[in-house]
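To keep things clear, I will list the structure first and then write my remarks on it.
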Amino acid sequence: MAQTNLRVIVNPNSGTVSINEKKGMVAALTRLAERHGFATDVCYTERPGHATELAAEAVRAGLGRVIAIGGDGTINETAKALLHTRTALGIVPLGSGNGLARHLGLPLPPHRAIERALAGRPVVIDSGQVNEHPFFCTTGIGFDAHVAHLFARQSVRGLVTYARLAFQAFLSYKPQEYRLDGEAQTLFALTVANAGQFGNNAWIAPKANIADGLLDVCRMQPFPKRDTGIITWQLFNRKLDQSAYLQTTQTRSATIQGEGPLAIHVDGEPVELPTDTMTVTVVPNSLLVIL
């Protein structure tokens, strides 16, 4: 028997794809992997954080690549164990947003994503760090984080649920005051972007480069409700940087203070920091991804 050189990590609960469909994907992946010369080890996650443990085992075993099958949370959990290693991440995106996969231009249909994860080549990208939490797309505070915390409580995921929650939350949301690198600002949202989008092709930082050693700090100013339509159109058409309400600067690090504990999001997943300060830094050339 060939020595295992590929680990597949599957989240059985992520996205809208059933477990039986995922098992079918895994069977197809295993057959194709054999044709590509890989001996495959398949693992299903059982709890939060399990993908990180499984990926770390793959690193210790010296495996060349790990393929994550799941949503943005699963991708984040897997990728954080692969930072600063020679083990590359393959992505089969099955989540609600698929932000990293979309930014990287990876195929979304599972059969094409599987082919790319097996046949593609490793490319190095940056990551970010907010306090002790690695991120690969975006982290932030304000309206987007507020919706992320609401979304995490829903039993039904997907764009429709997210859009409904966002609309309902927008009607009552009040901009908050933060100190960005010591400067007081009242903002609707404050996003720090490594990649350009949240997911679902919602581009908060259309010009972000995931391998330039910089983060895009995106400050969304309070805006009148009458401008919601055009702002939403700009967000989904990669033109939000043209809005007078968005100011974007590039940096290697930023410190954001608010009223703690801070409710933030990390790659779209809700996180509550036990402090009033989030320190965000770029980590250049830190992750190998299969493209």
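When Arg116 is tested against (1) without any contact (Cβ under 8 Å) to a residue 60 or more places away in the chain; (2) closer than 25 Å to Asn13 by Cβ; (3) of a type in the set (D, E, K, R); (4) assigned to a helix (DSSP H, G or I), exactly one condition is not met: (1). Determine, yes or no, whether Thr74 is of a type in the set (S, T, N, Q) and open to solvent by 30 Å² or more (accessible area, probe 1.4 Å). Against the criterion (of a type in the set (S, T, N, Q) and open to solvent by 30 Å² or more (accessible area, probe 1.4 Å)), Thr74 does not qualify.
Residue under question is Pro222, and the condition is that it be without any contact (Cβ under 8 Å) to a residue 60 or more places away in the chain, part of a loop (DSSP other than H, G, I, E, B) and farther than 26 Å from Ile125 by Cβ; does it hold? Spell out how you get there, then give the answer.
Numbers: without any contact (Cβ under 8 Å) to a residue 60 or more places away in the chain: yes; part of a loop (DSSP other than H, G, I, E, B): yes; farther than 26 Å from Ile125 by Cβ: yes.
Yes.
I'd like the residue in the range 146-199 that is more than 26 Å from Arg252 (Cα to Cα) and basic (Lys, Arg) and, out of all such residues, is surrounded by the most Cβ atoms within 10 Å (Cβ to Cβ). Please lay out each step first, then the result.
The initial filter retains those residues of the range 146-199 that are more than 26 Å from Arg252 (Cα to Cα), namely 147, 149-174.
Keeping just the survivors that are basic (Lys, Arg) gives 153, 157, 164, 174.
On the way: Arg153: 8, Arg157: 17, Arg164: 12, Lys174: 8.
Among residues in the range 146-199 that are more than 26 Å from Arg252 (Cα to Cα) and basic (Lys, Arg), the one surrounded by the most Cβ atoms within 10 Å (Cβ to Cβ) is Arg157.
The condition (being open to solvent by 50 Å² or more (accessible area, probe 1.4 Å), under 27 Å from Gly49 (Cα atoms) and either modelled with pLDDT of 95 or more or β-branched (Val, Ile, Thr) (or both)) is satisfied by just one residue among Leu262, Leu291: Leu291. Exactly one residue among Thr275, Thr249 is open to solvent by 40 Å² or more (accessible area, probe 1.4 Å), among the hydroxyl-bearing types (Ser, Thr, Tyr), in contact (Cβ under 8 Å) with a residue 40 or more places away in the chain and closer than 25 Å to Gly182 by Cβ, and that residue is Thr275.
So that you can scan it fast, the table gives a plain yes or no per residue for (1) modelled with pLDDT under 95; (2) under 29 Å from Thr16 (Cα atoms); (3) of a type in the set (A, V, I, L, M, F, W, C); (4) touching a strand residue (DSSP E or B) at 6+ places or on another chain (Cβ under 8 Å):
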{"position": "Val160", "(1), (2), (3), (4)": "yes, yes, yes, no"}
{"position": "Ala163", "(1), (2), (3), (4)": "yes, yes, yes, no"}
{"position": "Arg179", "(1), (2), (3), (4)": "no, no, no, yes"}
{"position": "Gly182", "(1), (2), (3), (4)": "no, no, no, yes"}
{"position": "Val192", "(1), (2), (3), (4)": "no, yes, yes, yes"}
{"position": "Gln197", "(1), (2), (3), (4)": "no, yes, no, yes"}
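Asn209 passes every criterion in (1) outside any strand (DSSP E or B); (2) more than 23 Å from Gly73 (Cα to Cα) apart from (2).
The values are calculated or read from the model by the stated rules, or taken from the named source; none is laboratory data. These numbers were taken from a predicted model, which means no experiment stands behind them. We place every Cβ from the backbone using ideal geometry, glycine too, and count neighbours over all the protein chains shown. Each accessible area value is taken on the protein alone, full model and side chains, heavy atoms only, with ligands, DNA and RNA left out. Shrake-Rupley method; radii C 1.70, N 1.55, O 1.52, S 1.80 Å.
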